[in-house]
Amino acid sequence: MNRPYPPHGRPPRDDAPERAVRDEVRLYGLNAVRAVFARRPEAIRKVYLAEARIPALQPLLKWCVANRVGYRVVDDIDLQKLAASSHHEGVVADVLRDAPMPLSTWLRDLPAGPQCALWLDGVGNPHNLGAILRSAAHFGIAALLIPKESTLSLSGAAARVAEGGAESVPMVRLGRADNSLAQLRGAGFRLAATLVHGGDDLFVAPLPERLVYVMGAEGEGMDRDFAAACDLRVSIPGSGAVESLNVASATAVLLAEWRRRVGRSAL
């Protein structure tokens, strides 16, 4: 249907919070849904919203009508069920997943000059992924690089935490680690292992114009052999009152320092 259902209409029975459709993701949160509409409106498959959100989402609803995309006005309980979260902010959308691009494609289309990317070596928490995407979008980071064997993908929770950043930062699927390292270095990148202890002081160490920060898993940190294979190793100095920053907070610090010193011209 191209018109809203009654305000208290119930979604169909097959709209469970976890859908079996592999190429769709259920997004929620105002900024997450608006960002998809701004960048990839053709990916939107269905929209659910609270009645109070109708004025704020008029452009999206008009687009849905014009393009025969269904939307429903539902109550808060239904939105919570659809999102599997109380943090839906009055809107939920089923969206085609934007598949990660191959590393070779990303490198082929990457502009010359200063570039920074993030290699997520074991990051899996969706809230950390969302916070990393938000920081990456804020600092104009070129991509998130996802290892070949990683199951990491964008979820509704990650997209909400990213506050629209998920649509600004492409995900790139890596091949074999050794081949990926060679491709990145061939494109002028150097890789920096990020360590809790034992790396060079981030605020003193030279940072190259084309840099990939390798972020380790939450808790375990980076694989030692992988860290040794990187071109440099950096640590964020602190007071010692806590062992370290979590991976999302550390990412924000690392990106801010690269942007401050090197990457201003890339904005």
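Among the residues making up the range 71-93, those that are closer than 10 Å to Y48 by Cα and part of a loop (DSSP other than H, G, I, E, B) are V74, D75, G90. Those residues that are modelled with pLDDT under 95 and under 22 Å from the mean Cα position of the chain (by Cα), I need them from the range 196-215; list them, please. Listed by number, the list holds a single entry, M215.
A residue that is in contact with a Pro (Cβ under 9 Å, 6 or more places away or on another chain), among the acidic types (D, E) and more than 30 Å from D231 (Cβ to Cβ) cannot be found anywhere in the range 84-91.
Taking the numbered list (1) at positive phi; (2) assigned to a helix (DSSP H, G or I) in turn, T105 passes all entries but (1). When A56, A52, A66 are screened for being hydrophobic (A, V, I, L, M, F, W, C), closer than 19 Å to G164 by Cα and surrounded by fewer than 22 Cβ atoms within 10 Å (Cβ to Cβ), only A56 passes.
Listed by first and then second residue, the pairs with beta-carbon distance under 6 Å, at least 6 apart or on different chains, first residue in the range 178-191 and without any contact (Cβ under 8 Å) to a residue 40 or more places away in the chain, second outside any helix (DSSP H, G or I) and not aromatic (F, W, Y), are G188/R210.
Considering P111, P100, P126, which residue is surrounded by fewer than 17 Cβ atoms within 10 Å (Cβ to Cβ) and of a type outside the set (K, R)? Break it down into steps so the answer makes sense when it comes.
On the way: P100 fails: surrounded by fewer than 17 Cβ atoms within 10 Å (Cβ to Cβ); P126 fails: surrounded by fewer than 17 Cβ atoms within 10 Å (Cβ to Cβ).
Testing whether each residue is surrounded by fewer than 17 Cβ atoms within 10 Å (Cβ to Cβ) and of a type outside the set (K, R) leaves just P111.
Of the helices (runs of 4 or more DSSP H) entirely within the range 152-267, those holding at least 2 residues that are exposed (fewer than 15 other Cβ atoms within 10 Å of the Cβ) and out of contact with any Pro (no Cβ under 6 Å at 6 or more places or on another chain) occupy 177-186, 224-229, 247-261.
Among the residues of the range 196-245, the one identified as free of Cβ contacts under 8 Å to residues at least 40 places away in the same chain and hydroxyl-bearing (S, T, Y) is S239.
To keep it simple, each residue is scored yes or no on (1) of a type outside the set (G, A, S); (2) touching a strand residue (DSSP E or B) at 6+ places or on another chain (Cβ under 7 Å); (3) at positive phi.
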position: V95; (1), (2), (3): yes, yes, no
position: D98; (1), (2), (3): yes, no, no
position: L129; (1), (2), (3): yes, no, no
position: A137; (1), (2), (3): no, no, no
position: T151; (1), (2), (3): yes, no, no
position: G164; (1), (2), (3): no, no, yes
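Residues that are charged (D, E, K, R) and at pLDDT 95 or above within the range 1-53 comprise R26, R34, R39, R40, E42, R45, K46, E51, R53, listed in sequence order. If you check A137 against the conditions, is it in contact with a Phe, Trp or Tyr (Cβ under 8 Å, 6 or more places away or on another chain) and closer than 30 Å to F189 by Cβ? Against the criterion (in contact with a Phe, Trp or Tyr (Cβ under 8 Å, 6 or more places away or on another chain) and closer than 30 Å to F189 by Cβ), A137 does not qualify. Of Y48, Y28, Y71, all but one fail to be in contact with a Cys (Cβ under 8 Å, 6 or more places away or on another chain) and not acidic (D, E); the exception is Y71.
The values are calculated or read from the model by the stated rules, or taken from the named source; none is laboratory data. The model shown is predicted, which means the values in this text are computed figures rather than measured ones. A quick note on method: Cβ atoms are made from the backbone with ideal geometry, for glycine too, and the neighbour counts reach across all protein chains shown.
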